[in-house]
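First the structure, in the form of structure tokens, and then the observations on it.
The values are calculated or read from the model by the stated rules, or taken from the named source; none is laboratory data. Please read these numbers as outputs of a predicted model, since none were measured by experiment. Please note: Cβ atoms are built from the backbone with ideal geometry, for glycine as well, and neighbour counts cover all protein chains shown. Heads up: the accessible areas ignore ligands, DNA and RNA and are worked out on the full protein's heavy atoms, side chains in. Shrake-Rupley method; radii C 1.70, N 1.55, O 1.52, S 1.80 Å.
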Amino acid sequence: MTSHDATSWRNWAGNVSARPARVRMPGSAAEVAAEVTKAAADGLPIRMTGTGHSFTPAASTDGVLLSPAGLTAIRSVDTEAGLVTAEAGCPLYRLNEALYSRGLSLTNMGDIQVQTVAGATQTGTHGTGRASGSMAAQVAGLEMVLADGSIVTCSADDPQSGLFDAARVGLGALGVLTAVTFLAEPLFLLTAREEPMRWSELISRLPELISENEHFEFFWFPHSEGCLTKRNNRSPGPAEPLPRWRYWLDDEFLSNSLFGATCRLGYLAPRAIATVNSLASRALSARTYTDAAYKVFTSPRRVRFKEQEYAIPREHLADVLGEVRALFDRKDWLISFPIEVRVTPADELWLSTASGRDSAYIAFHVYHPSPHEEYFRDTEAIMTAVGGRPHWGKMHTRDAEYLSGVYPRFADFLELRDKLDPDRRFGNAYLQQVLGS
């Protein structure tokens, strides 16, 4: 057990910081349980952080902050059953490497793999998929420490208590996750087809693009007609990955080094943003490659930003995008980051943003030192007008009163929380905002 006192913590984007009373790095579920018991004796709240990729203060606390760095092992891999159990602090890239070496793969992923397995599932991290859902939807079992210090497991085999469907996207409000079991599948390849498309064509073909591709997403460059579409579909092979020079040029230099430089330029000279976005959208070139699924799903993201993302009923997507486009026409905003659009199917997880409905996701970003308040406020108003649900790990202003009206199992989650953590040992200011007292 490693410990630090009176230290500070900051998230990846730099917009959230905390100064916990103490920081601990437990190396087992038993050590987590001991820390939960000690925190209760000291009258302190306790939270576990991940890698800090949430833009909300979901992991923030002024009590005891648990570091996941001592809980990173792959505990077991059952290749025949497709079950892999990883400790809560295991980063996704390590999980992917372990699966790949054993001929297995996750069904779907978000677009980065630096998060911990617990952080990714607890905040509802998702990718895009016509019929394949979020990271949490692929969870087959959980090990967690409850507020009374007990270590429990839950899975789909014991649905009576509701704990499994509640805790898969649990915000850390029901307990501290110590291990996550995923249901993987045999290793498969994806063929990625990426190409630019003009806004008018994309909007007219949106239903077709979503229905005809296993994984579809696009980026719209504000102040321009340019969009970048991404279509990922399973392939029998053989693998034809990007040449090393092309990967470096596109994913490292253009998408990170050059994009970072243009963001800094836009921050210093905002009037250049519209011209830069227009040039960038016209400079995009098509590419096609085939590789292991996780190498297609994920890409490096080194330019720091702040983000707001909402899940809306999928049937409203085209209309909502039109409203966002019209909002840009009315405002004098200068936004350098593209807007990202993805989809997922409905699931049964109580606090999943796709709970009970096929969903579309619209994500708004700004360069990390840039002002975001008006941009996020006005786009948020469009999202909430259609019952949008904010991503739990991304910036928003919604509270428990609003959220109780857009989640059908919200009251059930609160009832279970009252039962498991009546003293709010796992509480913090963010949970008070989104779940109530």
statement: Checked against the positive end of the charge dipole of the chain (+1 on Cβ of Lys and Arg, -1 on Cβ of Asp and Glu, about the Cα centre), the farthest of Leu279, Leu209, Tyr375 is Leu279
task: Compute, for Tyr361, the solvent-accessible surface of its heavy atoms (probe 1.4 Å) with the complete set of protein chains present, and express it in square angstrom to the nearest 10.
output: 10 Å²
message: Relative contact order for region 1-154: what percent, with Cα pairs under 8 Å and sequence separation of 6 or more?
response: 19 percent
query: So which lysines can Lys230 reach, going by Cα to Cα under 17 Å and dropping same-chain residues fewer than 8 places off?
result: Lys295
field: Reachable aspartates and glutamates from Lys419, criterion Cα separation under 19 angstrom, eight or more residues apart if same chain
entry: Glu143, Asp148, Asp158, Asp165
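What is the chain's relative contact order, in percent, from Cα pairs under 8 angstrom and six or more apart in sequence? Please report the intermediate quantities before stating the final value.
Details: 954 pairs, mean separation 75.8, N = 437.
It rounds to 17 percent for the chain.
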- request: Determine by what factor the alpha-carbon radius of gyration of region 75-231 differs from 2.2 N^0.38 Å, reporting the quotient.
  value: 1.20
message: Suppose the chain between Ile203 and Ser285 were pulled fully straight at 0.36 nm per residue; how much longer would it get relative to their current alpha carbon spacing?
response: 27.5 nm
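Express the relative contact order of region 94-164 as a whole percentage, based on alpha carbon pairs under 8 Å and six or more residues apart in sequence.
20 percent
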message: For region 381-437, compute Rg over Rh where Rg is the Cα radius of gyration and Rh is the Kirkwood radius from the inverse mean 1/r over Cα pairs.
response: 0.99
query: Which value at 222 nm does the chain reach when only helices count, each DSSP H run of 4 or more adding -39,500 (n - 2.57), with the total divided by all residues and rounded to the nearest 500 deg cm²/dmol?
result: -8000 deg cm²/dmol
task: Calculate the radius of gyration of the Cα atoms of region 79-154 to one decimal place, then report Dmax, the largest Cα-Cα distance, as a whole number, both in Å.
output: 13.0, 41
query: Based on Cα positions only, what radius of gyration and what Dmax would you give for region 195-249, in angstroms?
result: 13.7, 40
- line: The simple spin-label model distance between Ala272 and Asp423, using points 7 Å out along Cα→Cβ, in nm, is 5.7 nm
query: Taking only Cα atoms, what is the 0 to 90° angle, nearest 10, from helix 317-330's long axis to the longest principal axis of the chain?
result: 70 degrees
message: Out of all Cα-Cα pairs in region 233-320, roughly what percent, to the nearest whole number, are more than 15 Å apart?
response: 72 percent
field: Prolate/oblate/rounded label for region 246-286 (Cα gyration tensor, a/c 1.5)
entry: oblate
